[in-house]
1. Being part of a loop (DSSP other than H, G, I, E, B) and in contact with a helix residue (DSSP H, G or I) (Cβ under 7 Å, 6 or more places away or on another chain) is the filter here; which residues of the range 116-134 pass it?
2. Inside the range 135-152, can you point out the residues that are assigned to a loop (DSSP other than H, G, I, E, B) and either surrounded by 15 or more Cβ atoms within 10 Å (Cβ to Cβ) or free of Cβ contacts under 8 Å to residues at least 40 places away in the same chain (or both)?
3. Considering every residue within the range 249-270, establish whether at least one is surrounded by 12 or more Cβ atoms within 10 Å (Cβ to Cβ), touching a residue at least 12 places away in the same chain (Cβ under 8 Å), out of contact with any strand residue (DSSP E or B) (no Cβ under 7 Å at 6 or more places or on another chain) and under 30 Å from residue 139 (Cα atoms).
4. Pairs under 9 Å by beta carbon, first residue on the phi > 0 side of the Ramachandran plot and free of Cβ contacts under 8 Å to residues at least 60 places away in the same chain in the range 30-57, partner surrounded by 11 or more Cβ atoms within 10 Å (Cβ to Cβ) and not in a helix (DSSP H, G or I), six or more apart or different chains?
5. For the structure I just gave you, tell me whether residue 239 is at pLDDT below 95, in contact with a helix residue (DSSP H, G or I) (Cβ under 6 Å, 6 or more places away or on another chain) and within 22 Å of residue 99 (Cβ to Cβ).
6. Take residue 165 and decide whether it is under 13 Å from the mean Cα position of the chain (by Cα), modelled with pLDDT of 90 or more and assigned by TED's automatic domain parsing to the domain that holds residue 233.
7. Surrounded by fewer than 12 Cβ atoms within 10 Å (Cβ to Cβ), out of contact with any strand residue (DSSP E or B) (no Cβ under 7 Å at 6 or more places or on another chain) and more than 26 Å from residue 146 (Cβ to Cβ): is that true of residue 234 in this structure?
8. Of the conditions (1) at pLDDT 90 or above; (2) closer than 30 Å to residue 244 by Cβ, residue 104 fails just one. Which one is it?
């Protein structure tokens, strides 16, 4: 069934006249008559009786008009929803992120995105890199954000920003008076690290091993929050993502130990399904990230290899 023919028929039924339907649709009356005739031929049904003063629906016409109203209403609803999606007045954006970027970076971006587009539904899933990779591959999330290595050929990966890892100590720690410190001097202090298998620990150990240094932590902790609290209570020093301690450094709850010969950065990777066209929500999020990079001192857009 030709949808345009159905639209013409519905207009004829609504106006009760081919002439008035033609005027409403801005076409000629012969064009209306032809399309109505084509529809009747396609359906092998007589839809209207042509009377001296207009038209009257037949029994078949009454049945079809009831369906036509629902079909055309659905068409209008679809067009409206698509316009809303294009204008971010509706829709959904689902992002998967690894722990650091998901806990400390994405939430503020979501807050700003919600203020700009309050009807856009936002979802954040925090998981490890492997889980995020799988979710993007299976098209269960729109975007992935991770610090880990992505290997699947079906995925497109780009460095969205870089995250710096910094050494921290409790305020008043004696080592602060000797800053900047060498990496070797840092390792002579009681060192706290994440647990074995943590991506952050692997990055730190790799950077130190390149300099011939072998860290021997006095304590391993299972989360960055636990690590920060241990440092705050004077149990030792640690190396953590700057993203995770921005607030503490700004308020003076923790202090940065400046290192003279060690700078550790890791890329924050944007992971998308190769060939997938970005949604309006995805595009808005990435534009927000680009705007944030210009003003955020903790994340830089350059690519840095450890």
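The values are calculated or read from the model by the stated rules, or taken from the named source; none is laboratory data. Since the model is a prediction, treat every value here as computed from it, not as a measurement. Every residue, glycine among them, receives a Cβ derived from its backbone with ideal geometry; neighbour counts consider all protein chains shown.
1. Hits for the range 116-134 are 117, 120.
2. 138, 141, 142, 147, 148, 149, 150, 151, 152
3. no
4. 54/16; 54/17
5. Considered against the rule, which asks whether it is at pLDDT below 95, in contact with a helix residue (DSSP H, G or I) (Cβ under 6 Å, 6 or more places away or on another chain) and within 22 Å of residue 99 (Cβ to Cβ), residue 239 comes out as no.
6. No.
7. Considered against the rule, which asks whether it is surrounded by fewer than 12 Cβ atoms within 10 Å (Cβ to Cβ), out of contact with any strand residue (DSSP E or B) (no Cβ under 7 Å at 6 or more places or on another chain) and more than 26 Å from residue 146 (Cβ to Cβ), residue 234 comes out as no.
8. Answer for residue 104: the failing condition is (1).
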